[in-house]
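Comments concern the structure below.
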């Protein structure tokens with residue numbers, strides 16, 4: 001079953017065209033990676049698909065809904081972790097989870113979610129006092145609090161130390177086991193190789209390669225996904 | 001309904017946890033009352049100072065919450081992308097704004113009650129002659145001033161800028177409109193300028209209600225008009 005269908009997606013900002021013509025399909029229950037150099041348009045794809053930005057052209061369906069015209073309905077069924085998004089400094093972990101749960105018609109039990117993600121000890125901790133790893137855990141928990149069918153994670157592990165990163169990988173696999181479809185934007189090819197069922201590499205506003213990590217490695221005639229990435233994008237330094 | 005009470009409660013707690021906001025809205029007006037009552041001679045016309053000062057300072061509290069703290073909260077949330085994260089949820093913008101408004105007005109209500117309690121306990125404040133009118137005037141003052149605050153919060157990019165703009169609206173208005181200095185002791189020209197500020201009808205209406213004078217329909221109408229126009233523009237201009 002196709003969960004996300006993007007065809008010829010175009011988007012320009014004042015600074016110029018970001019997405020030229022992006023087409024991709026995400027199937028139910030997979031971890032789908034979106035990789036590519038800085039400024040390639042990865043975040044824009046996620047923001048268009050989650051209803052945060054209006055597209056200039058192309059078609060876009062998530063769970064059969066148009067993120068623009070059916071934004072509210074779609075928001076009930078997806079979860080989002082945004083790059084650089086934040087919570088108020090003084091909000092406590094428990095308060096944030098409880099408040100976000102109140103936005104959804106059929107939320108998950110936020111207390112269970114808090115225990116499951118190891119946040120119970122931090123329940124009364126203020127957002128500003130959390131380290132990067134704990135903040136990310138909270139963001140993931142907030143993305144899941146609405147019991148979503150699809151979760152978008154935008155550079156979830158950027159800025160995390162290696163052990164926090166590995167821990168986060170386990171949590172993402174966990175989501176897939178529950179049947180949640182995960183769209184993961186990442187810079188890290190080791191991460192994409194370890195986690196993703198399929199990956200799309202975006203460069204200069206287009207999908208330049210798509211497939212399983214194995215397929216991409218073969219296509220790039222390389223030994224690792226990282227080498228394949230450089231072979232396919234044609235750049236050593238982004 | 002469950003959503004809005006929850007968000008309002010959380011937002012009010014967040015404001016109270018910020019030492020600056022709590023100080024400005026609660027302690028500062030109480031200190032102003034104390035300072036003013038140390039030299040509290042009856043006003044020209046014989047009204048005891050406290051009976052003018054408490055209603056005046058209640059507009060001062062509303063102004064701080066509505067023109068300074070509310071826009072700073074909204075602009076700060078935009079700057080830090082708190083709003084963007086909220087936008088990715090099904091929460092309705094109307095609900096989120098109403099909750100923000102309610103939280104800031106509850107803060108102003110707490111500040112007002114504190115002034116009244118101190119006035120009654122320490123300075124022999126006379127109870128309002130027409131409590132219903134005072135309440136109506138208070139709510140319209142809160143609506144009209146916070147719609148202006150909402151407009152600032154809708155347009156200004158950062159929390160710091162919003163605080164600067166909020167304060168530069170608040171203090172001149174406060175001084176000229178009679179929220180800080182009683183209108184009775186102001187010169188005619190100052191009063192004339194002050195009457196042009198949106199805070200003047202608020203001071204007028206709350207003081208009229210307190211003294212038991214009839215409230216002018218024009219004063220109330222001006223506040224309703226400001227609420228609708230500034231509030232409407234703010235909602236249209238709002239950027240996440």
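Descriptive notes on the structure:
- Ranked list, fewest to most other Cβ atoms within 10 Å of each Cβ, for B:227, A:212: A:212, B:227
- Sum of -39500 (n - 2.57) over DSSP H runs of 4+, divided by residues of chain B (222 nm, nearest 500): -24000 deg cm²/dmol
- Model label points for residue B:184 and residue B:236, set 7 angstrom from Cα along the Cα-to-Cβ axis, are 4.4 nm apart.
- Shape of the protein assembly as shown, Cα gyration tensor, a/c cut at 1.5: prolate
- FRET E, pair residue B:160, residue A:163, Förster distance 41 Å, beta-carbon r, rounded to 0.05: 0.65
- Looking at the protein assembly as shown alone, DSSP beta bridges between its own residues are antiparallel in about 55 percent of cases.
- Angle between chain B longest axis and helix B:217-237 axis [Cα atoms, degrees, rounded to 10]: 20
- Cβ-based exposure ranking for B:219, B:89, in which fewest neighbours within 10 Å come first: B:219, B:89
- Cα shape, the range B:2-237, gyration tensor, a/c 1.5 rule: prolate
- Antiparallel %, DSSP beta bridges [both residues in chain A], to 5: 55
- Estimated from the Cβ-Cβ distance and a Förster radius of 25 angstrom, the FRET efficiency linking residue A:177 and residue A:226 is about 0.40.
- Normalised contact order of the range B:156-223, rounded percent, pairs of Cα under 8 Å and 6 or more residues apart: 24
- With a Förster radius of 45 Å applied to the beta-carbon distance between residue A:17 and residue B:167, the computed FRET efficiency rounds to 0.60.
- Spin-label model, residue B:127 to residue B:228: label points 7 Å out along the Cα-to-beta-carbon direction sit 3.6 nm apart.
- Folded to 0 to 90 degrees: helix A:132-144 orientation relative to chain A principal axis, Cα: 90
- When you restrict to C-alpha pairs under 8 Å that are six or more residues apart and normalise by the size of chain B, the relative contact order lands at 29 percent.
- Estimated inter-spin distance, residue A:7 and residue B:192, nm [label 7 Å along Cα→Cβ]: 7.0
Since every read-out is calculated from the coordinates, none of them should be taken as a lab result. Since the structure is predicted, the reported quantities are computational estimates derived from the model, not experimental observations. Glycine also receives a Cβ, built like all others from the backbone with ideal geometry; neighbour counts cover every protein chain displayed.
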